[in-house]
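**Q** My questions will all concern the structure given below.
The values are calculated or read from the model by the stated rules, or taken from the named source; none is laboratory data. Here the structure is a predicted model, which is why all the values come from computation and not from measurement. Backbone-built Cβ (ideal geometry, glycine too); neighbour counts: all protein chains shown. Calculation scope for accessible area: heavy atoms of the full protein, side chains included, ligands and nucleic acids excluded. Shrake-Rupley method; radii C 1.70, N 1.55, O 1.52, S 1.80 Å.
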Amino acid sequence: MKKSIAVYPGSFDPITLGHLDIIERGLEIFDRLIVAVARNTGKTPLFTMEERLDLARRALGTNPRLEVDTFDGLLVDYIRSRGAHVILRGLRAVSDFEYEFQVAQTNHQLDRGIETLFLMTSIPYAFLSSSVVKEVASHHGPVDSFVPPVVKKALEEKFAPENIPPKEARHDP
Ligand code: ADP
């Protein structure tokens, strides 16, 4: 029987409990799920590619049906190269819709054989994003209800006073 494979792409900067929820639910639907950490995010990430990959792997543990990989370039090319046909994405508020709609249309235009499937966020994570987590962590606020323990530790290290460059070394405007 043909196996259903989906790719869940994103920046995962860093991976949150909202992402983990989508992944768990995705595993209920597909035979195999590939979490694909994007190298080019269009945003300047807090965590390097290697750190984002490592945090996602450690947060997810081992599951023979789940893989964490990285991709560069066009998502549809990556999807094809992995023998997948479905892009899995999460939808939170209405504000996610416009961007996701545009990207899904473009990907479908680029390859008619690829469909984007959306899972609605679970209510506890409806307002959770990697950006919010980074904001809270940068002010040393509690992030326990937002991220798995490995990510909490990595955020604490990133924002530890000794790891923050002195103001004159930063390139802030
Ligand atoms: P991107 O930069 O591609 O949006 P993200 O890592 O921010 O990457 O998000 C990856 C996917 O996970 C997106 O589809 C996003 O909508 C979804 N997502 C992020 N946070 C949540 C959440 N709290 N609940 C449901 N989906 C989420």
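**Q** Which pairs do you get when a residue that is assigned to a loop (DSSP other than H, G, I, E, B) and among the β-branched types (Val, Ile, Thr), found in region 36-61, comes within reach of a residue that is near the ligand (Cβ under 10 Å from one of its atoms) and open to solvent by less than 70 Å² (accessible area, probe 1.4 Å), reach meaning Cβ atoms under 7 angstrom, with the pair 6+ apart or on two chains?
**A** Close Cβ pairs (under 7 Å, with a partner that is near the ligand (Cβ under 10 Å from one of its atoms) and open to solvent by less than 70 Å² (accessible area, probe 1.4 Å)) amount to Thr41/Ser11; Thr41/Asp13.
**Q** While we're here: Here are the criteria: (1) open to solvent by 70 Å² or more (accessible area, probe 1.4 Å); (2) away from the ligand (no atom under 11 Å from the Cβ). Tell me which single one Gly73 does not satisfy.
**A** (1)
**Q** I need the full set of residues from region 143-156 which are over 16 Å from Gly18 (Cα atoms) and either among the aromatic types (Phe, Trp, Tyr) or open to solvent by less than 100 Å² (accessible area, probe 1.4 Å) (or both), in order please.
**A** Taking region 143-156 and keeping what is over 16 Å from Gly18 (Cα atoms), we get 153-156.
The answer is Ala154, Leu155.
**Q** Still on this structure, I have one more. Of the residues Leu55, Leu60, which is open to solvent by less than 20 Å² (accessible area, probe 1.4 Å) and within 14 Å of the chain's Cα centre (by Cα)? Outline the logic, then answer.
**A** On the way: Leu60 fails: open to solvent by less than 20 Å² (accessible area, probe 1.4 Å).
Matching residue, one of Leu55, Leu60: Leu55.
Here is a yes/no grid of residues against (1) part of a helix (DSSP H, G or I); (2) touching a residue at least 24 places away in the same chain (Cβ under 8 Å):
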| position | (1), (2) |
| --- | --- |
| Phe101 | yes, no |
| Thr106 | yes, no |
| Gly113 | no, yes |
| Leu117 | no, yes |
| Phe127 | no, yes |
| Val132 | yes, no |
| Pro142 | no, no |
| Glu156 | yes, no |
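**Q** Additional query: Within region 98-112, count every residue that is more than 10 Å from the ligand (Cβ to nearest atom) and over 20 Å from Ile29 (Cβ atoms).
**A** Number satisfying all stated conditions: 9.
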